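Since the structure comes first, as structure tokens, the remarks are kept for the end.
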Amino acid sequence: MESPDAVRSVLEQTIDIAAPVHDVWELVSDVRRMPDWSPQVTSTRLRSGFETCALGAQFTNRNVHGELEWTTHAEIVRFEPEHELAFRVEENWAVWSFRLDPTDDGTRLTQRREVPDGISDLSHELTDGFMGGQDAFSESLLAGMGETLARIKTAAEA
């Protein structure tokens, strides 16, 4: 039986956007725009040697949660134009993705966080010690995903 504070292996939020897939892809396919969307990300920059967002591109994020601030390093592990972008975070092993599916009225955008290999011991300790535990942090991430998708929707429909 799983402990009540176990790491959820998948977190996911979806939103329908009244804009074509191409337009939504233009917004989400450039990870440097994450600070525009995510309430947790304050800055993103591609690592030296990477000029554009593509498969294998590496980048650094500056993140906040309450008074905590930290840096993460990630690599784009899936990049299918107008369909999916996914990146794996080095420090905690989480894989974040945006998936775009066409609908009759525009685009269904899904943001997902998976931890297929679990999370790193360090991430587990920090989440339990400083972010209220796994359940509380998961709820915070889900709320942030909802906010991220709402911001993308607003921009795409403008």
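Scanning the range 129-145 for residues that are at pLDDT below 90, of a type in the set (A, V, I, L, M) and either within 12 Å of the chain's Cα centre (by Cα) or within 22 Å of Trp37 (Cβ to Cβ) (or both) returns a single hit, Met131. When restricted to residues that are small (Gly, Ala, Ser) and at pLDDT below 95, the range 1-53 contains 5. Taking the condition out of contact with any helix residue (DSSP H, G or I) (no Cβ under 7 Å at 6 or more places or on another chain), open to solvent by less than 50 Å² (accessible area, probe 1.4 Å) and in contact (Cβ under 8 Å) with a residue 60 or more places away in the chain, does Thr107 pass? Considered against the rule, which asks whether it is out of contact with any helix residue (DSSP H, G or I) (no Cβ under 7 Å at 6 or more places or on another chain), open to solvent by less than 50 Å² (accessible area, probe 1.4 Å) and in contact (Cβ under 8 Å) with a residue 60 or more places away in the chain, Thr107 comes out as no. Restricting attention to strands (runs of 3 or more DSSP E) lying wholly within the range 22-116, give those where 1 or more residues are in contact with a Cys (Cβ under 9 Å, 6 or more places away or on another chain). Where strands (runs of 3 or more DSSP E) fall fully within the range 22-116 and carry at least 1 residues being in contact with a Cys (Cβ under 9 Å, 6 or more places away or on another chain), they are 41-46, 58-65, 68-80, 84-89. The set of residues from the range 127-158 being open to solvent by less than 20 Å² (accessible area, probe 1.4 Å), more than 30 Å from Thr107 (Cα to Cα) and part of a helix (DSSP H, G or I) comprises Thr127, Gln134. The residues of the range 83-96 that are closer than 17 Å to Pro20 by Cα, buried (at least 16 other Cβ atoms within 10 Å of the Cβ) and in contact with a helix residue (DSSP H, G or I) (Cβ under 9 Å, 6 or more places away or on another chain) amount to a single one, Leu85.
Looking at Gly66, is it more than 17 Å from Val31 (Cβ to Cβ) and touching a strand residue (DSSP E or B) at 6+ places or on another chain (Cβ under 7 Å)? No: the conditions fail for Gly66.
Residues in the range 58-72 that are open to solvent by 50 Å² or more (accessible area, probe 1.4 Å) and not aromatic (Phe, Trp, Tyr): 7 in all. Would you say Gln111 is within 27 Å of Ala19 (Cβ to Cβ) and among the polar types (S, T, N, Q)? Considered against the rule, which asks whether it is within 27 Å of Ala19 (Cβ to Cβ) and among the polar types (S, T, N, Q), Gln111 comes out as yes.
Would you confirm, using the coordinates I've provided, whether Arg99 is at pLDDT 95 or above and surrounded by fewer than 18 Cβ atoms within 10 Å (Cβ to Cβ)? For Arg99, the condition - at pLDDT 95 or above and surrounded by fewer than 18 Cβ atoms within 10 Å (Cβ to Cβ) - is not met.
The values are calculated or read from the model by the stated rules, or taken from the named source; none is laboratory data. Bear in mind that the values here come from a model prediction, so they are computed numbers and not experimental data. Glycine also receives a Cβ, built like all others from the backbone with ideal geometry; neighbour counts cover every protein chain displayed. Accessible surface areas use protein heavy atoms only, side chains included; no ligands, DNA or RNA. Shrake-Rupley method; radii C 1.70, N 1.55, O 1.52, S 1.80 Å.
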